[in-house]
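Structure, as structure tokens:
The values are calculated or read from the model by the stated rules, or taken from the named source; none is laboratory data. Bear in mind the structure is a predicted one, so any value in this text is a computation, not a measurement. No Cβ is skipped: glycine too gets one built from the backbone with ideal geometry, and neighbour counts run over all protein chains shown. Quick note on the areas: whole protein, heavy atoms, side chains included, nothing else; ligands and nucleic acids left out. Shrake-Rupley method; radii C 1.70, N 1.55, O 1.52, S 1.80 Å.
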Amino acid sequence: MTTLALIIDDEPDIRELLEITLERMNIECRSADCVSSALSLLKKETFQLCLTDMHLPDGSGLEIVQTIQKLYPQTPVAVITAYGSMEMAVTALKTGAFDFVSKPVELSRLRDLIRNAVKLAQPAPLKAEEDSRLLGQSASMIELKETIRKLARSQAPVYISGESGTGKEVVARLIHDFGPRVEKPFIPVNCGAIPSELMESEFFGHKKGSFTGATEDKQGLFQAAHEGTLFLDEVADLPLTMQVKLLRAIQEKTIRPIGHAKEISVNVRLLSATHKDLAAEVAAGRFRQDLFYRINVIQARIPPLRDRGDDIIYLANTFLTKLSAEWGITQPKLSASSQTALKRYSFPGNVRELQNILERALTLCEGQEILPEHLQLPEQSANASNLPSFTTNTGNDSLEDYLVNIEKNLIVKALDDTRWNRTAAAKKLGMSFRSLRYRLKKLGLDDDSSDDESDDQST
């Protein structure tokens, strides 16, 4: 099948350069020097790619972008902007442009853009694989999946917002996997987990001997993600000094490893996320407004679990099926009262918290039905007279860590009460010996003591 591209520019030299470049890539071209001529060509032929200048004699390239988005949404359109006109490029991306290239046109950058655009000419339908990673059929989740479809076709920076535990990295991976960069690296990085003194080296790399401890050349995250996707999780945790350097790398599409004399070009799709309110961080002076503007070209919002209706029960049953298979046990059912309790719970830890709750419930349930007392939701735990009391989370630990500590304390107390007889402790907790052994191993409490594991056959 012939690939056909539409080139729109009022400068003959630019049109000729673009035509030569595309034809060498076996792409047939049609050219226009104004908006009206381009719109006429769009009505006559089907194009797999469009390149348009932003400033045209009878209008703007944005008009071309808007028309193609409305009438020919399967055709990727990239804009050509004047050098330094980043605000115009960002506006085009927000309007629906696939990507942009600046004048003077850098041929290597242009070829990368064209290759990515051609891959989108025949978009594949959303695969069933997505449903296994992004579960849910509520209206908000259907809308999110449709947003992912659209974002996967763009090269614009995306800011993924959502509370802790909603699945921001899952969404980032899906945007990458359903886009033209799927065969290239997806590099996730937790910005809050990198010591500030190592950040520049981690992001941009360094040359051997450039500082004390640099015993060999190191490739940075930008180089590792070249031609692929770099996902900056918890981007709000970047110190201000690093934000300045990151902004320059994004704007110039180049990096300079520590100790190197020359800059290196990088071609990276940037996705970022944080559970914090980034606009509030900007207002408080903790996050640069210009960097916020650059990474927040398009926003994808992930709804909290409490707003997803029946998805809660659907997810709960899915997790129970998976956990029961992993543990080698018969899957118990959620009682009606347990389902009601889950629907009423606010889930501050979202999907991650739901999974932890069900792991604990499956551990404590000795029959074939999970009851509300097995869930141990915070409202219920306070009223459970047969359970030990726990101190309130001080806020220094994550919710996930707090819940794990509650579970650990329960198991340790049962073991202490039975003088660390695991078989007796399992009975006291209302679980099988096998389930207790699994939990001990997961919580790092398995000391490989010589309990009579033959009791496993009788539990």
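A Cβ-based charge dipole, computed about the Cα centre of segment 139-254 with Lys and Arg at +1 and Asp and Glu at -1, lands at about 420 debye.
Dividing the Cα radius of gyration of segment 256-295 by 2.2 N^0.38 Å, with N the residue count, gives 1.60. Across the accessible surface of the chain, with the other protein chains kept in place and a 1.4 Å probe, carbon and sulfur atoms take up 48 percent.
Given +1 at the Cβ of Lys and Arg, -1 at the Cβ of Asp and Glu and no other charges, the dipole of the chain around its Cα centre is 280 debye to the nearest 20. What is the distance in Å between the Cα centres of segment 252-291 and segment 10-89? Centre-to-centre (Cα) distance: 29 Å. Converting phi to 3J(HN,Hα) with the Karplus coefficients 6.51, -1.76 and 1.60 and the offset θ = phi - 60°, segment 214-231 yields 7, 7, 7, 4, 10, 7, x, 5, 4, 5, 5, 8, 3, 6, x, 10, 10, 9 Hz in sequence order, with x at every glycine or proline.
Near the amide H of Gly228, within less than 5 Å, lie the amide hydrogens of Arg269, all on another chain or at least 5 residues away, with H placed in the peptide plane.
Ranking request for peptides 217-224, 164-171: highest mean number of other beta-carbon atoms within 10 Å first, then the rest in descending order. Present the calculation step by step, with values, prior to reporting the outcome.
Working: 217-224: 18.1, 164-171: 21.0.
Ranking the peptides 217-224, 164-171 by packing returns 164-171, 217-224.
Taking amide H positions as modeled 1.01 Å from N, with prolines and chain starts lacking one, the residues under 5 Å from Ala300 and 5 or more places away or on another chain are Tyr159, Ile160, Ser161. Working note: Cα atoms of the chain, range along each principal axis, descending, whole Å: 86, 56, 43. Proximity of backbone amide H atoms, modeled 1.01 Å from N, is registered between Lys103 and Thr81, Ala82, Tyr83 at under 5 Å, excluding neighbours fewer than 5 places apart on the same chain.
Here, segment 258-360 is characterised by an Rg to Rh ratio of 1.19, where Rg is the alpha-carbon radius of gyration and Rh the Kirkwood radius.
Here's the picture: charge each Lys and Arg Cβ at +1 and each Asp and Glu Cβ at -1 in segment 188-331, and of Gly192, Ile302, Ala214 the one pushed furthest to the positive end of that dipole is Ala214. For the chain, the solvent-accessible area of protein heavy atoms averages 49 Å² per residue (probe radius 1.4 Å; ligands and nucleic acids excluded).
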